[in-house]
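The values are calculated or read from the model by the stated rules, or taken from the named source; none is laboratory data. Worth saying up front: this structure is predicted, and the values here are computed from it rather than measured. Glycine gets a Cβ as well: all are built from the backbone with ideal geometry, and neighbour counts include every protein chain shown. The accessibility values were calculated without ligands, DNA or RNA, using every heavy atom of the protein model including side chains. Shrake-Rupley method; radii C 1.70, N 1.55, O 1.52, S 1.80 Å.
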Amino acid sequence: MARTDRIAQPWGTRTPYGPGEPWPVRVDTRLADGVTEDQVERWVQSAAVLHSNGDGLDIAVKDGRIVGVRGRAQDRVNHGRLDPKDLFGWQANASPDRLTRPLVREGGRLVESDWDTAMDRVVRRTKDLLEEQGPSAVGFYTSGQLFAEEYYTLTLIARGGIGTNHLDGNTRLCTSTAAEALKESFGSDGQPGSYTDIDHADTIALFGHNMAETQTVLWARVLDGLAGPNPPRIVCVDPRPTPVARAATVHLAPRPGTNVALMNGLLREIVENGWTDRDYLDRHVVGFGELTERLAPYTPEHVADICGIPAERLREAARLLGTAERLLSTVLQGFYQSHQATAAAVQVNNLHLVRGMLGRPGCGILQMNGQPTAQNTRECGANGDMPGFRNWENDSHMAELARLWNLDPLQVPHYGPPTHAMQMFRYAEEGSLRMLWVSGTNPAVSMPELRRIRSVLAQERLFLVVQDAFLTETAQLADVVLPAAVWGEKTGTFTNADRTVHLSEKAVEPPGQAKPDLEIFCDFARRLGLRDKDGGPLVPWDTPEAAFEGWKECSRGRPCDYTGLTYARLRGGSGIQWPCDERRPDGTERLYADGAFWSDPDYCESYGRDLVTGAPLEETEYRAMNPSAKAVVKAAEYLPPHEPPGEEYPFSLLTGRTLYQFHTRTKTARAPQLQRAAPEVWVEISAGDAAAHGIEEGDRVEVATPRGTVRAAARISAIRDGVLFLPFHYGYWDTDGGFEPGGDGRAGNELTATEWDAVSKQPLFKSAAARLRRLGPTGSPAPAPTTTASAPLPGADVPATTGGGAGEAREEARTPQPEEIR
């Protein structure tokens, strides 16, 4: 048993293991200062909600308060380990600035009110707009951090009750490309791989995925494999010198916006060298012939010229990928938020299809998620999809959904594709969308081109409802604010990136009059008088478990089948991977093991799109292309970015995440250890560019794009020349209670463009041209960059403040009982 500073060492101590061996257990625990384990009154089962990994954990409760967390040794995802955000983020629940009563706008100010007054205003406005304009006047913008039961209830209300097509989640900003890429290749959403593939792979490729900072526990699993016998080879594609890049066997740092060219070059080398599985291709894949033709121009030299990387390094990466016996690939925002996002992500799928690397231990793809419950947003129909991965263009699918909801099929909108978030904000800007209900997210900081977004949200003609636990930058602009319970204060299920479903139990009461999101949605449906076609309540449940049973029935027979799961089965042990049904009662570790895909024209979630224009394929086109339900290899031509660097704006700007903060810091900045570790925005600059501009470490600099400016401290690193990086988390409130909308220009999204991928409609947060200038020295240097996989990170040398607690957590390595891990 050891105590480790988990701010300085976010991945904890190593527990080495070899290929095919079970990952050793290490139980991480963090309790509030002065609380010992024998003083904990209850441990309540849950899982992590401040990243997308889905770490199983227990919540410690004493005197009705959350006082800590402990990793669940028996959970298949983390084997007891926890991320620093898991270890410290729970403190935000008890923050003194939690919303405890509804707020309504009076005389231009938000004032405290009561639930009846607040909900009456929301319901009255909804009814007025439905009468004046119809369902298209109302939109809902939700989160990637609610529970499945809440998303499904919201979907039923929005699509079935109100009949609006305007429902999307902030998962549009981080994982919609993952969903679209999977649909294009396999006919449906759903990750083919499993986290356990790390235990077997001889080669792991990370495409635009800084796993070390976005999923620290998963990276600890990789590090433990690297520390053991016969370690895997690592291929990293990232313009930045991340911890993943420093651990890589081969690191490719392409110019931003050139991912499709890079992938085409890798695929060409693999095909040219005969590193393909022709038998697998002949039996299970369509489209390979066209792919080989389209790859011909992408020689290593041509790709090296486009991407700015050495041709020999490209060849070496292709050799590792092409000769791997067990290849695992992961993809995240470096691809998803870049130019030609879906086209690039699909090429990673192509890599596995041409190599026949699916459905076996160590052979898989993880098109990763960016939020803890993003998978549920998509499954439940709250992210521009239909519930249960149904196809909105398939009339039989929509008729089935109407039967489940006991509605006339015409009442469920499917006259066109569900409205994506970027279009919803456009409709609000133009005035046709006149009521927007925002739940569990903060678009006034997280959306691109914030000056525009603030002006949209502040319009008098837009009735803005915000449902949140804190008075965020978005809530400050609302007409009605509804105080919501958060994780640990309500019960529900959620699913991580490798399809593992966890149950999170209520541990403590929410503060004041705050309510669970499910209760708020059900109350709205009742007050609005939503009914099914027989006059019964449209939403027939009022408890999480009853809502879960409703969702299970909706998932029956679909790819994300939950019918074999119950709350009772999810209690006490590990999370379980869907699909889980009578045929697969213990869940499904890997998809497509038998070469059978969810791409049958009568079953698939989508008929696909043109990867360049985004134009949808007609059903007849899809049937002609793929009549036998095979996987689809789709080629893509590289196109240059729309906003390349030029004379006035000579840099490429990337925005992204840092390890210690999550999204807009609503919770993580209220955890003292996390906030001290990354208190302010910074800009990452190469040593060469810093020297050319006379910039030294910690200097105050200004980054500008055609849309705005940000001022930050400089951090000098080995990032490629000509590229700048800004973390996007930092908005306009401070932990001392201050709030300055548009204040010092520190929100990265002041700089990003209103532009999105043609297929996934995901904003291009990594595709802006920028300029840089030095403002002068600063009194406080920027946090130090991560230097190696074992080096201290920002905040390691910061002393604890009164009441904040140090960054220590207990780590206990032990041998679990055989039944503890599945």
The stretch 718-735, residues that are open to solvent by less than 20 Å² (accessible area, probe 1.4 Å) and assigned to a strand (DSSP E or B) | 723, 724, 725, 726, 727
Residues in the stretch 665-683 that are open to solvent by less than 10 Å² (accessible area, probe 1.4 Å) and not hydrophobic (A, V, I, L, M, F, W, C): how many?
-> 3
Looking at 535, 595, which is the one that is in contact (Cβ under 8 Å) with a residue 60 or more places away in the chain and of a type outside the set (Ser, Thr, Tyr)?
-> 595
Is it the case that residue 192 is part of a loop (DSSP other than H, G, I, E, B), of a type outside the set (Gly, Ala, Ser) and farther than 17 Å from residue 367 by Cβ?
-> no
A careful count of residues in the stretch 334-362 that are assigned to a helix (DSSP H, G or I) and open to solvent by 10 Å² or more (accessible area, probe 1.4 Å) gives 2
Restricting the stretch 14-40 to residues that are surrounded by 17 or more Cβ atoms within 10 Å (Cβ to Cβ) and β-branched (Val, Ile, Thr), the residue that is nearest to residue 90 (Cα to Cα) = 29
Index of the failed condition, residue 761 passing every other in (1) of a type in the set (D, E, K, R); (2) modelled with pLDDT under 95; (3) part of a loop (DSSP other than H, G, I, E, B) | (2)
How do the pairs read when you match residues in the stretch 313-324 that are small (Gly, Ala, Ser) with residues anywhere that are part of a helix (DSSP H, G or I), using Cβ under 6 Å and keeping only pairs 6 or more apart or on different chains?
-> 318/266; 318/269; 318/270; 322/270
Which numbered condition trips up residue 259, out of (1) of a type outside the set (Ser, Thr, Tyr); (2) under 18 Å from residue 198 (Cα atoms); (3) in contact with a helix residue (DSSP H, G or I) (Cβ under 7 Å, 6 or more places away or on another chain)?
-> (2)
Identify the single condition in (1) polar (S, T, N, Q); (2) open to solvent by 10 Å² or more (accessible area, probe 1.4 Å); (3) closer than 23 Å to residue 497 by Cα that residue 628 does not satisfy, given that it satisfies every other one.
-> (3)
Read through the list (1) open to solvent by less than 10 Å² (accessible area, probe 1.4 Å); (2) modelled with pLDDT of 95 or more, then give the number of the only condition that residue 174 fails.
-> (2)
For the stretch 45-62, what are the residues that are in contact with a Phe, Trp or Tyr (Cβ under 6 Å, 6 or more places away or on another chain) and acidic (Asp, Glu)?
-> 58
Which residue pairs have Cβ atoms closer than 6 Å, lie 6 or more positions apart in sequence or on different chains, and pair a first residue in the stretch 685-710 that is more than 19 Å from residue 241 (Cβ to Cβ) with a second residue that is acidic (Asp, Glu)?
-> 707/449; 708/750; 709/702; 710/750
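Has the stretch 384-392 got at least one residue that is at positive phi, surrounded by 24 or more Cβ atoms within 10 Å (Cβ to Cβ) and modelled with pLDDT of 95 or more?
Restricting attention to the stretch 384-392, the residues satisfying the condition of being at positive phi are 384, 388-389.
Going one step further and asking which of them are surrounded by 24 or more Cβ atoms within 10 Å (Cβ to Cβ), we end up with 384, 388-389.
From what is left, the residues that are modelled with pLDDT of 95 or more are 388-389.
The answer is yes, given that some residue of the stretch 384-392 is at positive phi, surrounded by 24 or more Cβ atoms within 10 Å (Cβ to Cβ) and modelled with pLDDT of 95 or more.
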Here are some residues: 709, 788. Which one is touching a helix residue (DSSP H, G or I) at 6+ places or on another chain (Cβ under 8 Å), open to solvent by 40 Å² or more (accessible area, probe 1.4 Å), at pLDDT 95 or above and not charged (D, E, K, R)?
-> 709
If residue 555 passes every condition in (1) crowded, with 24+ Cβ neighbours inside 10 Å; (2) closer than 23 Å to residue 55 by Cβ but one, which one does it miss?
-> (2)
Please specify each residue of the stretch 520-545 satisfying the condition of being under 22 Å from residue 487 (Cα atoms) and surrounded by 15 or more Cβ atoms within 10 Å (Cβ to Cβ).
-> 520, 521, 522, 523, 524, 541, 542, 544, 545
Look at residue 376 and say whether it is within 22 Å of residue 628 (Cα to Cα) and part of a helix (DSSP H, G or I).
-> no
Scanning the stretch 42-65 for residues that are open to solvent by less than 10 Å² (accessible area, probe 1.4 Å) and small (Gly, Ala, Ser), the one nearest to the chain's Cα centre (by Cα) turns out to be 52
Quick one: how many residues across the stretch 428-452 are surrounded by fewer than 24 Cβ atoms within 10 Å (Cβ to Cβ) and in a helix (DSSP H, G or I)?
-> 5
Quick one: which residue in 583, 571 is more than 25 Å from the chain's Cα centre (by Cα) and under 30 Å from residue 217 (Cα atoms)?
-> 571
Please tell me if residue 10 is in contact (Cβ under 8 Å) with a residue 24 or more places away in the chain and under 30 Å from residue 578 (Cβ atoms).
-> yes
Select from the stretch 621-651 the residues that are among the small types (Gly, Ala, Ser) and farther than 24 Å from residue 606 by Cβ and list them in ascending order.
-> 646
